[in-house]
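A short reminder: the numbers here are calculations on the coordinates, not readings from a lab. This is a predicted model, so every value here is computed, not measured. Cβ placement follows ideal geometry from the backbone for every residue including glycine, while neighbour counts extend to all protein chains displayed.
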């Protein structure tokens, strides 16, 4: 830094000397030009030119000096900042070194602790194995193979029931997860049936029998996609009679838990609706819309007069479902008369379209699934209770076996003491008899003889 400043000062000195030399030269030139008479004008111009150059050099020198001073100020600031950063770097280096050493120390301690844990774990394993082996050796003679087999046979049904319960829980979870897909299928089915209904309207108009058959066909498709099992959870055209003895034939009877039923009848109203859709003028549309609404109300009245809800064979709610297979015709009737639902309800009738009926039947299917699951859970709980009672009985018998074994061990110890303990014990006497010359082909075990001698 000092060398740089010195070099800059030398440069400014040289520039000043050059400027002084130029000024001296100009004055000398001036005097020389005054003595000369031939080139006076030229010498004057040359002098003025050189004088201007010297002035420019002096100005440039002053400018450079000012810039140098500013550069020196910036340099000083940067030097101070550099020194500050250098000090911070030194401090951080020292801290990093200390942290690194601390980290190495912690790593060493961690390794030592891991080794200690491994040794402790190995020690616990060995001790546990020794204890387990000791317990096993002590109990292996007391606990027979027959008792072990009995425990396995008692616990086996519990394992089976628990496994069945887990499978049923998993199945129930899967059914809940597929609910979204079923709702999407229901929407697609609704769209498809609406398109089919619109396409067949013209082919069926004016033929009441064909209309009824086609409505029953759409109803059958809804039932197929509802998840209900035909013949078990619903029946078609299940003949019965009302309280007056008249024969009645509902299109569909849906069964519910606790011996309940839902009756569904299909009524198709297409002629006036098709004419309303194809009308060209507002007057025609108004006329046919009124005819369509009147036709729907007429079907409601006719269905209410059949008294399906008073069926002797079927334990039905206080209402029945009237199925309209065309969503658009259903919506049009509701828009024309907002009190249509009330009109039907007063006659114990509920109007349903393919979408609302499918949602209702899917709900019934879910109720049946839940009913079956509840029965299975109740049965598992009952079986588990019985199994628990048996297990308690087994534990009581097992406790009796333990007490009996304890008594047997005490009896064994008493008998063994008579053989080996006390003066003149049986083993000592028998060995003395053999020593006196009794003929024998076998010998008493040496360990028993040693015990007999020690306790004498």
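By count of other Cβ within 10 Å, fewest leading, how are 357, 106, 57, 223 ordered? Walk me through the numbers on the way to the answer.
Numbers: 357 25, 106 10, 57 16, 223 20.
By the 10 Å Cβ count, ascending: 106, 57, 223, 357.
What does the highest-first list of 249-260, 60-71 look like by mean Cβ count within 10 Å? Walk me through the numbers before you get to the answer.
Values: 249-260: 16.8, 60-71: 11.8.
Ranked from most to least packed, the peptides come out as 249-260, 60-71.
Would you mind getting me the FRET efficiency between residue 448 and residue 393? Use the beta-carbon distance for r and R0 = 56 Å, nearest 0.05.
On the way: r = 42 Å, r/R0 = 0.74.
E(calc), rounded to 0.05, equals 0.85.
Could you rank the peptides 395-405, 340-350 by their average count of other C-beta atoms within 10 Å per residue, with the highest value first? Please report the intermediate quantities before stating the final value.
On the way: 395-405: 11.6, 340-350: 15.8.
Highest-to-lowest ranking by the protection proxy: 340-350, 395-405.
Given points 7 Å out from each Cα along the Cα-Cβ axis, report the residue 440 to residue 235 separation in nanometres with one decimal.
9.0
Considering Cα pairs under 8 angstrom that are at least six residues apart, work out the relative contact order of the stretch 324-431 and quote it in whole percent.
Working: 28 pairs, mean separation 15.9, N = 108.
Across the stretch 324-431, relative contact order equals 15 percent.
Arrange 383, 282 by Cβ neighbour counts within 10 Å, fewest through most, would you?
Working: 383 16, 282 8.
Ranked by crowding around the Cβ, least crowded first: 282, 383.
Say R0 is 35 Å: what FRET efficiency, to the nearest 0.05, do residue 91 and residue 112 get from their beta-carbon distance?
Plugging the Cβ-Cβ distance into 1/(1 + (r/R0)^6) gives 0.65.
Counting other beta carbons within 10 Å of each residue's own, what order do 330, 394 fall into, fewest first? Walk me through the numbers before you get to the answer.
Details: 330 23, 394 16.
Listed from fewest to most nearby Cβ atoms, that is 394, 330.
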